[in-house]
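The structure appears right after this line, and notes come after that.
The values are calculated or read from the model by the stated rules, or taken from the named source; none is laboratory data. Quantities reported herein were computed from a predicted structural model and do not represent experimental measurements. With ideal geometry, Cβ positions are generated from the backbone for all residues, glycine too; neighbour counts draw on all protein chains shown. Please note that ligands, DNA and RNA were not included when accessible areas were found on the heavy atoms of the full protein model with its side chains. Shrake-Rupley method; radii C 1.70, N 1.55, O 1.52, S 1.80 Å.
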Amino acid sequence: MSALTILHQSLRQTARLRYHRLRMVPGVLAAARGFAASAAKSSDKAIETTDKDFDKDVIEAKVPTLVDFYADWCGPCRMLAPILAKAVEKDSRVQLVKINIDENSEAAQEYSIASLPTVIAFHNGKPVDQFVGLRNQKQVE
């Protein structure tokens with residue numbers, strides 16, 4: 001077997017393991033929605049936050065919050081943004097907060113963000129669910 005063949009097999013196996021580890025993560029929005037039964041209505045628009053305002057916008061939020069950790073250069077992040085916005089639009093009891101990790105690295109470090117996009121659902125100031133990578137509309141809801 002050539003070195004190139006071994007390398008290709010190794011790459012395929014790694015890709016399969018990543019796929020199986022990340023596929024079919026339960027809908028983060030569904031988890032947040034479960035906590036939102038009696039929550040007050042919030043705005044349908046995404047809030048752009050910073051490290052300085054993260055506690056105020058997320059930890060102290062009165063409603064369940066989805067936090068989208070993204071970067072401007074990240075293609076999957078740009079593809080996920082409208083999917084998240086649409087999902088939150090359908091359920092106004094949940095707010096969407098976006099944080100650019102290139103400009104705000106403290107929050108990313110605090111929540112061990114290693115891959116993009118990463119979305120974490122918060123309720124009462126605590127993370128309750130998360131997913132990494134691009135998801136379709138059904139998976140997000």
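In table form, for the structure just shown:
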quantity: Search result, residues across the stretch 114-128 that are part of a loop (DSSP other than H, G, I, E, B), surrounded by fewer than 20 Cβ atoms within 10 Å (Cβ to Cβ) and without any contact (Cβ under 8 Å) to a residue 60 or more places away in the chain; calculated: ALA114, SER115
quantity: Close pairs (7 angstrom Cβ cut-off, 6 or more residues apart or separate chains): within 14 Å of PHE122 (Cβ to Cβ) and assigned to a helix (DSSP H, G or I) in the stretch 44-67, open to solvent by less than 90 Å² (accessible area, probe 1.4 Å) and aromatic (Phe, Trp, Tyr) anywhere; calculated: VAL58/PHE122
quantity: Residue count for the stretch 89-102, restricted to those that are farther than 17 Å from PRO127 by Cβ and either of a type in the set (A, V, I, L, M) or under 13 Å from the mean Cα position of the chain (by Cα) (or both); calculated: 1
quantity: Members of the stretch 49-85 found to be open to solvent by 10 Å² or more (accessible area, probe 1.4 Å) and within 14 Å of the chain's Cα centre (by Cα), listed by number; calculated: TYR70, PRO76, ARG78, MET79, ALA81, PRO82, ILE83, ALA85
